[in-house]
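Bear in mind that the values in this text are calculations on the coordinates, not laboratory data. The shown structure was predicted, so the numbers you read here are calculated from the model rather than taken from an experiment. All Cβ positions, even for glycine, are placed from backbone atoms using ideal geometry, and neighbour counts span all protein chains on display.
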Amino acid sequence: MKYENIIKAGFIRRPNRFIAEVGIEGHTETVHVKNTGRCRELLIPGCEVWLTAPGTPGRKTRYDLVAVRKSTGALFNIDSQAANKVMLEWLREQGYDKITPEYTYGDSRIDFCMDRAGKRYLMEVKGCTLEIGGVGYFPDAPTERGVKHIRELIRAKEEGYDAAIAFVIQTEGVREVRPNLAAHAEFGKVLDEARRCGVRVLFFPCRVGTDSLTITEMIEG
């Protein structure tokens, strides 16, 4: 996945979860943050960030903030839409007969449904942008929606689907994602239940650039 255009800026502050103020060539610009998570350990005043300008007519902000360099030097893609986009690119290389994004199952929309040789697969994708000590953690804020989706995957597995939850790791050097119990203990509980029921837990390390994100491998969790 590659962004059409990218520009470097300096992060100033984040007034709310939707916008940030950044410095670009001596002036302050309000930009859209493409991640509603907290990202407190990433978006620190003075850090380097990268923006893209989608050029969509009628926007209130010209730029989207999509990447940030952590104080450790590691580069993070924090675009919440990037995980699904890069996963679709990866899935298209896996030989499925059909791939259906946003598949309606039960009361939810599961990110992907794949068909191959008469078997149906469901996959829910989560982008991981929280890293502590070389380990990824999810979520960085409570996610009732995430809990609901995992419960749907458990039901799908019981009905004969091959079901998986996929964590796309949006930084380099991380190969495992653990539930962030401090942020949402119930998510960890239902993820353990899903494992016991046969739902696959998959980790997808990525190569991260200021203007790109690419899945490099799949690891069974």
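Values for this structure:
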| quantity | calculated |
| --- | --- |
| Nitroxide proxy distance, nm - points 7 Å out along Cα→Cβ at residue 102 and residue 28 | 3.7 nm |
| For the range 130-221, share of DSSP beta bridges that run antiparallel, in % to the nearest 5 | 55 percent |
| Additional length obtainable on full extension of the chain from residue 21 to residue 151, 0.36 nm per residue less Cα span | 43.0 nm |
| Surrounding net charge for residue 71, when Lys and Arg each add one and Asp and Glu each subtract one, Cβ distance under 15 Å | 0 |
| Cut-off under 5 Å, modelled amide H: who pairs with residue 33 long-range | 19, 20, 65 |
| Rounded to 5, the percent of DSSP beta bridges in the chain classed as antiparallel | 70 percent |
| Relative contact order of the chain, pairs being alpha-carbon contacts under 8 Å that are 6 or more residues apart, as % | 17 percent |
| J(HN,Hα) series, the range 39-46, from Karplus relation 6.51 cos²θ - 1.76 cosθ + 1.60, nearest Hz, glycine and proline x | 6, 5, 7, 9, 7, 10, x, x |
| Global form of the chain, assessed from the alpha-carbon gyration tensor, a/c cut-off 1.5 | prolate |
| Rough spin-label spacing in nm, given labels placed 7 Å along Cα→Cβ, for residue 89 and residue 116 | 2.0 nm |
| Degrees between helix 185-196 axis and first principal axis of the chain (Cα, 0 to 90, nearest 10) | 40 degrees |
| Sites residue 211 and residue 189 - FRET efficiency at Förster radius 22 Å, r taken between beta-carbons, to 0.05 | 0.05 |
| For the range 69-75, 3J(HN,Hα) per residue [Karplus equation, 6.51 cos²θ - 1.76 cosθ + 1.60, θ = phi - 60°, Hz, x = Gly/Pro] | 9, 5, 4, 6, x, 6, 9 |
| Amide H within-cut-off set for residue 138, under 5 Å, with H built and near neighbours excluded | 178, 180 |
